[in-house]
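The values are calculated or read from the model by the stated rules, or taken from the named source; none is laboratory data. Because the structure is a prediction, the values reported are computed rather than measured. Here the Cβ is made from the backbone with ideal geometry for all residues, glycine too, and neighbour counts use every protein chain on show. Ligands, DNA and RNA are excluded from the accessible area calculation, which covers all protein heavy atoms including side chains. Shrake-Rupley method; radii C 1.70, N 1.55, O 1.52, S 1.80 Å.
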Amino acid sequence: MLILRNICWLQRRWKSGGKKRWNVLQNKKNNCDRALESFDDFYGSVYGGRWKNMRAALLTRHKYIAMVNNFGDTEQTCSMLETDGAINMKSLINLAQERLQGTDPALKGQGQNRYEIDDKLDALLRKQQEREVASIYPSAGEGGAAVQMPQQLKYDNVEEKEESQTESPDFKQSLTKALEEDVKLDEHRLVDPQFGTGGLYEYMPAHSIKGMEDWVAESEHYKYYQTSADFPLRIEPETSFHFPEHLALYTYEMGNCSDFKAPKKCLTGVSSHFLMDGASTLPPLFLQVQPGERVLDACASPGGKSLLLLQTLHLDQLVCNDIQESRLNRLRRLMQEFLFDYKQRSAARHLIFSQSDARNLDEYEQYDKILVDVPCTTDRHVVMEQDNNIFKPSRIKERLRIPELQAGILTNCLRLLRPGGSLVYSTCSLSPIQNDGVVHMALQKVFVEHGITATIKDLSRHTELFSDVFKFEHPKGLKYGQMVIPYLPANFGPMYFSKITRNV
Amino acid sequence: MLRKLLFNPQIALSQQKKLKCTRYFAIKAAAPKILELQQVHIEEAIKLEPTLSIYTKQVWRRAHETFLNHGLATVNFLRIVTANPAVLRRTPERIISSLEIWRACQFGETLLHLLLTKYPELLDVSDSHQLLSHVGFLKSRVSTNKNVWKLLMNSPNLLAQSEKTIEEKLDYIIDVMRIEVPELVKSAGLSMAFEELRCRHQFLVRLGLFKPRALKADPDEPTTNHRLYQITDTSEKTFATKICHVTLPEYEAFKDLHAREIERKTRKRREEEDFSDEEE
């Protein structure tokens with residue numbers, strides 16, 4: 001019997017040769033999945049049940065607005081868009097203005113109930129820290145004594161930083177600096193030469209966990225959101241809003257998801273209209289550029305907002321700045337495509353391109369208006385596109401430090417403003433850290449380091465004019481600005497914007 | 001079985017009207033069987049379906065006897081003729097032959113009677129070869145005759161769909177949604193168009209409410225996902241508000257956007273294919 005079985009024995013591997021391995025069938029986790037997972041966790045606790053609606057909207061294609069090029073065949077383009085059923089935004093706003101005039105302007109106190117969001121973020125930070133500790137020290141959650149372990153081991157600079165924060169709460173150590181400090185040699189662990197190199201083999205104290213050398217705790221990111229205000233802060237409602245006379249923006253009504261026709265070449269050789277995410281039109285609109293003003297677009301590429309500023313025909317001089325040459329080239333191409341007098345403009349220095357880090361610009365107190373559309377996690381991009389995705393594992397430090405970069409840019413831009421001038425800070429992220437958190441950090445920094453004070457303009461009354469087109473976050477949830485949230489029938493945004501005026 | 005039929009939640013959701021009917025007949029069936037066709041019965045049936053009034057009593061009696069001989073009680077007979085009056089006109093031979101066609105599917109007498117009583121239109125099937133091959137195809141996917149019967153009880157229009165369309169839906173439900181056969185046969189998911197099924201599933205996925213099961217997960221392990229019958233056997237409004245907890249305009253916008261997205265993708269794929277053809 002035994003022999004018979006040996007004769008008929010078949011190799012297992014051969015038998016199951018046709019089947020694929022599970023890990024082949026299972027999709028590998030990519031950058032978008034990583035981003036989505038992080039958002040589920042973070043935004044899920046910030047926005048609660050509303051996050052799932054935003055999630056579905058983010059994962060679906062966004063809606064466009066068509067901006068008519070005033071340097072082409074304007075009337076023809078307008079009539080073409082109108083025959084397709086698009087509505088001129090200006091007429092919508094006029095209607096909304098009439099409608100709102102009747103009602104009593106109930107001033108919604110921005111920042112009245114601001115504590116709600118603070119609590120949520122606080123809880124999130126705590127949760128994240130606990131989880132990170134638990135992921136490294138699996139037993140930490142179980143025994144009470146084990147929780148002490150991280151402090152003894154000093155697995156990274158995290159605990160060190162916490163201590164320094166508790167000692168002097170005002171002193172804010174930057175993450176960059178902390179990481180650099182970490183590189184310094186620990187004198188205690190150098191082996192005395194008298195023991196020879198043989199000593200090295202005998203005893204090598206563990207100073208870091210293998211594989212975790214450049215590990216940064218995700219909870220670091222949440223610490224950028226601070227709530228203590230130790231700088232003079234004034235929030236006042238914005239007095240007036242004028243829709244630029246010559247600007248023609250076309251959109252479909254809420255719920256209509258039709259596409260626009262592709263731009264055509266006009267007689268003057270430029271494209272007829274520009275398609276952009278609708279929410280991106282709001283920051284330049286709320287900047288309220290007046291004729292003859294000098295304007296800076298601090299992070300200009302890809303150029304939609306700069307183009308809108310030019311289309312108002314109000315500008316005297318526009319400076320477009322961006323950090324990379326390639327991005328700037330993209331911007332130049334766009335301007336060439338849409339401005340027939342591009343060469344004259346750049347020659348007469350009405351349109352200037354500058355390539356520099358926005359934190360290093362030094363034309364202080366030179367600009368009337370600045371548009372600060374900072375680099376951010378670009379929530380819609382990271383959940384849809386693999387390419388150039390900031391949730392790539394190797395970019396984790398860059399990602400966690402984003403608020404620092406944003407605050408740096410905003411701080412510098414506040415210095416570039418002429419006293420009395422105003423800027424609009426905008427991001428396309430839903431994260432309260434990159435939005436209100438950064439505005440707070442920048443205002444604090446600019447007051448402490450340069451003694452500049454600023455006023456936040458409350459735009460909530462004016463955003464109501466746009467409520468037929470966009471879905472806005474309720475002003476209660478935000479401290480310093482307004483936000484367009486993704487909503488399927490009006491799938492614009494996310495776009496946070498805050499208007500700040502430098503005090504005279 | 002009757003009990004199961006009555007308390008099947010799918011029926012409760014989608015076919016409340018039918019449920020009432022079934023319950024009515026079930027109660028009748030539970031009572032001592034009526035084996036004789038009386039004038040009252042005929043009058044009641046004519047009230048429900050006036051077109052029946054043209055037939056003579058002989059016709060009624062003949063058809064009734066044929067059904068009775070094949071095990072279908074009077075209540076079932078009445079239900080069949082009211083819902084499908086053409087049956088009454090047929091000769092006993094024809095009725096018997098269509099019953100035989102169905103018997104060949106081997107669902108078992110009781111189950112077959114339930115199926116035919118629920119959907120009397122099924123008696124119109126005349127091509128036995130086609131029916132058997134179709135049932136055979138369904139059996140190859142859901143493994144037992146009883147499952148095929150359950151599928152037909154939930155979505156009788158399967159008989160009118162081509163194998164290709166059914167295959168497409170089955171592949172999607174089993175491979176992409178990772179839903180097991182026992183759950184699949186409890187829903188009317190296959191009677192829905194493939195595009196709509198995919199749209200509903202995608203919407204739930206994007207909302208973060210539907211997480212595909214891990215490949216190695218135990219099928220008995222409970223999930224937080226909605227059941228298939230909740231996803232497919234609901235009206236659009238119920239699906240949007242009760243299952244997804246969003247407003248109807250949001251779901252409608254999504255439907256529109258999703259259809260465009262799919263169209264864009266297929267167009268792109270087609271263009272790529274054309275391009276690669278040219279290269280060759």
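Brief remarks on what is shown
- Label-point gap, in nm, between B:Gln38 and A:Arg50 - each point 7 angstrom along Cα→Cβ: 6.6 nm
- DSSP beta bridges in the stretch A:345-504 [antiparallel fraction, %, rounded to 5]: 70 percent
- Ranked by solvent-accessible area (1.4 Å probe, protein heavy atoms only, all chains present), the residues A:Arg461, B:Arg269 order from largest to smallest as B:Arg269, A:Arg461.
- Extension gain for the segment B:Glu121 to B:Phe137, taken as residue separation times 0.36 nm less the Cα-Cα distance, is 3.6 nm to one decimal.
- Shape call, the stretch A:211-320: gyration tensor on alpha carbons, a/c limit 1.5: prolate
- Springs join every pair of Cα atoms under 10 Å in this Gaussian network model of chain B, and among B:Ala104, B:Ala73, B:Ala253 the largest mean-square fluctuation is at B:Ala253.
- Net charge dipole, the stretch B:183-228: roughly 160 debye, given to the nearest 20, about the Cα centre with Cβ charges of +1 for Lys and Arg and -1 for Asp and Glu.
- Considering only the Cα atoms of the stretch B:179-280, their convex hull presents on average a projected area of 8.6 nm².
- Taking the chain by itself as reference, the stretch B:251-273 contains these residues with an accessible-area loss of 10 Å² or more in the full protein complex (1.4 Å probe, heavy atoms): B:Ala253, B:Phe254, B:Asp256, B:Leu257, B:Arg260, B:Glu261, B:Arg264.
- Viscosity 1.002 mPa s, temperature 20 °C, Stokes-Einstein D of the stretch A:246-290 from Kirkwood C-alpha radius, µm²/s: 167 µm²/s
- For the options B:Arg260, B:Arg178, B:Arg200, a Gaussian network treatment of chain B with springs between C-alpha atoms closer than 10 Å singles out B:Arg260 as fluctuating the most.
- With both labels modelled 7 Å from their Cα along Cα-to-Cβ, the A:Phe241 to B:His245 distance reads 3.1 nm.
- Positive-end residue, the stretch A:413-497 charge dipole about Cα centroid, Cβ charges, pick of A:Gln444, A:Tyr496, A:Pro419: A:Pro419
- When you restrict to C-alpha pairs under 8 Å that are six or more residues apart and normalise by the size of chain B, the relative contact order lands at 13 percent.
- Stretchable slack from A:Ser135 to A:Phe353, in nm (0.36 nm times residue separation minus alpha-carbon distance): 73.7 nm
- Cα point-scatterer Debye curve for the stretch A:452-500, base-10 log of I(q)/I(0) at q = 0.14, 0.28, 0.30 Å⁻¹: -0.34, -1.10, -1.21
- Burial of accessible area (probe 1.4 Å, heavy atoms of protein chains only) in the stretch A:467-504, relative to its chain alone, reaches at least 20 Å² for A:Tyr487, A:Leu488, A:Pro489.
- Heavy-atom accessible surface of the stretch B:179-280: percent carbon and sulfur, 1.4 Å: 50 percent
- When the Gaussian network model of chain B links Cα atoms closer than 10 Å, the mean-square fluctuations of B:Gly189, B:Gly208, B:Gly108 top out at B:Gly208.
- Estimated inter-spin distance, A:Glu253 and A:Glu75, nm [label 7 Å along Cα→Cβ]: 2.8 nm
- Cα centroid separation - the stretch B:95-121 against the stretch A:391-462, whole Å: 73 Å
- From largest to smallest, the equivalent ellipsoid semi-axes obtained for the stretch B:225-280 from the alpha-carbon gyration tensor read 36, 13, 7 Å.
- For the listed residue pairs A:Lys63/B:Lys255; A:Lys63/A:Lys305; A:Lys52/A:Lys499; A:Lys90/A:Lys369; A:Lys29/B:Lys164, the alpha carbons are over 25 angstrom apart in A:Lys52/A:Lys499; A:Lys29/B:Lys164.
- Taking A:Asp73, A:Asp119 and ordering them by how much accessible surface each has at a 1.4 Å probe, largest first, produces A:Asp119, A:Asp73.
- Chain B, dipole about Cα centre (Lys/Arg Cβ +1, Asp/Glu Cβ -1), debye to the nearest 20: 1600 debye
- Accessible area expressed per residue, the stretch B:126-273, with surrounding protein chains retained (probe 1.4 Å, Å²): 49 Å²
- When the accessible areas of A alone and B alone are added and the area of the pair subtracted, with a 1.4 Å probe, the result is around 1800 Å², both sides summed.
- Sequence of B:Lys268, A:Lys223, A:Lys265 from largest to smallest accessible area, 1.4 Å probe: A:Lys265, B:Lys268, A:Lys223
- Across the alpha-carbon set of chain B, the Rg to Rh ratio works out to 1.05, Rh being the Kirkwood radius.
- 19 Å reach of a label modelled at A:Arg415, 7 Å along Cα-to-Cβ, counting backbone N of the stretch A:316-332: A:321-323
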